[in-house]
1. Taking the 0 to 90 degree range and rounding to the nearest ten, how far is the long axis of helix 12-28 tilted relative to the main principal axis of the chain, both from C-alpha atoms?
2. Once you order the gyration tensor axes a ≥ b ≥ c over the Cα atoms, which shape class does the stretch 102-301 get: rounded for a/c under 1.5, otherwise prolate or oblate by comparing a/b with b/c?
3. On C-alpha positions alone, give me the angle between the axis of helix 73-88 and the longest principal axis of the chain, in degrees, nearest 10.
4. How many lysine pairs does the stretch 32-98 hold where the Cα atoms are under 29 Å apart and the two sit 8 or more places apart or on different chains?
5. For E164 and T24 in one chain, what is 0.36 nm times their gap in residues minus the Cα-Cα distance, to one decimal in nm?
6. About its Cα centre, what dipole magnitude does the stretch 185-307 give when the only charges are +1 on Lys and Arg Cβ and -1 on Asp and Glu Cβ, stated in debye to the nearest 20?
7. Based on the Cβ-Cβ distance of E286 and H131, what FRET efficiency does E = 1/(1 + (r/R0)^6) give at R0 = 30 Å, to the nearest 0.05?
8. Going Cα to Cα from K207, which lysines come in below 22 Å? Please leave out same-chain ones fewer than 8 positions away.
Amino acid sequence: MGLFGALKKGLEKTRSSLINNIETVFGSYEEIDEDFYEELEESLILADMGMETAVQIVDNIRKEAKERRLQKTEEVYELFKDEICRILETANPNIVVKGMTNVILVIGVNGAGKTTSIGKMAYQLKEEGHHVILAAADTFRAAAIDQLKVWADRAGVEIVCHAEGSDPGAVVYDAADITHARWADVLICDTAGRLHNKKNLMEELRKLGRILEREFPTAHREVLLVLDAATGQNALSQAKLFAEVAPITGIILTKLDGTAKGGVVIGIMNELGIPVKYVGVGEGMEDLRPFDAREFAEALFSVEEKN
Ligand SMILES: Nc1nc2c(ncn2[C@@H]2O[C@H](COP(=O)(O)OP(=O)(O)O)[C@@H](O)[C@H]2O)c(=O)[nH]1
Ligand SMILES: [Mg+2]
């Protein structure tokens, strides 16, 4: 199928909710009028882009169309595509690993896909020739440690773990030592998504961030927030919450393959200004894809060849 094919297939549901609905709106109006703009805005909101982003996109299109004296909705469709691409391209160059040493802290609620995404990243980075170490700092459940061990085995990378219930900070310290000792160039830390309460979790994530800063003052550091695309607008509020405790540098948006709510990517980037760096489109090793704005837009807008 090829990697682009896999992305396209992963975005199938989102494409049919977002693009088909929008095309229906464009198809049912030939000339631009207020009803058209209203319906367009509504369809963007329904496609999980969020109110703020939907309103902004339509406002921009309206302004541009007026300036260029456009009258046909057909002509405005190009403006719409440009708007979406512009938002997607606000991402910094999507490079997570670029230094002599790279330290990646992965955070997010339970079930979002942290451990799975770390496993896939570890595998891909190893394939690219990086020396990867994993830190099992989700010590809240034994199963979480075991799950990361399975991924480490599969990827063929070293994992640092302590017993269930032990201090996640100690795991990260240990992993930092080992990373230095081995001259490894990538350390990825898994974290818990739930503790006894939200305050505990947030305190702990802050602490882990500080340890990594202290241990790797000159490294390239990333804090990646994992969000489940299927949670739609809820993903947007999670991002706001986590942004309060950690300087999030990028988002991993998982489970795009199972949802029609992929439009949330556009809302997240536009509202929070945080780039999506990876998208998850399945459960296989290769199903975590570095986010490429142009490729994503192309997969979203590409027309099915029918014959
Ligand atoms: N279909 C699909 N499933 C995913 C994807 N990413 C993660 N999952 C599944 O989501 C579930 C929770 O993932 P996990 O990594 O354990 O989440 P964590 O609690 O954040 O560590 C697992 O069953 C994963 O296989 C994805 O991109 N697509
Ligand atoms: Mg996990």
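1. 20 degrees
2. Since a/c reaches 1.5 and a/b is larger than b/c, the shape of the stretch 102-301 is classed as prolate.
3. 10 degrees
4. 4
5. 45.1 nm
6. Using only the charged Cβ atoms, the result is roughly 660 debye.
7. Efficiency computed from Cβ-Cβ geometry: 0.90.
8. Within the straight-line limit of under 22 Å, K207 reaches these lysines: K114, K198, K199, K240.
Rule-based calculations on the coordinates, nothing more; no lab input. Keep in mind that this is a model prediction, so the values were computed, not measured. No Cβ is skipped: glycine too gets one built from the backbone with ideal geometry, and neighbour counts run over all protein chains shown.
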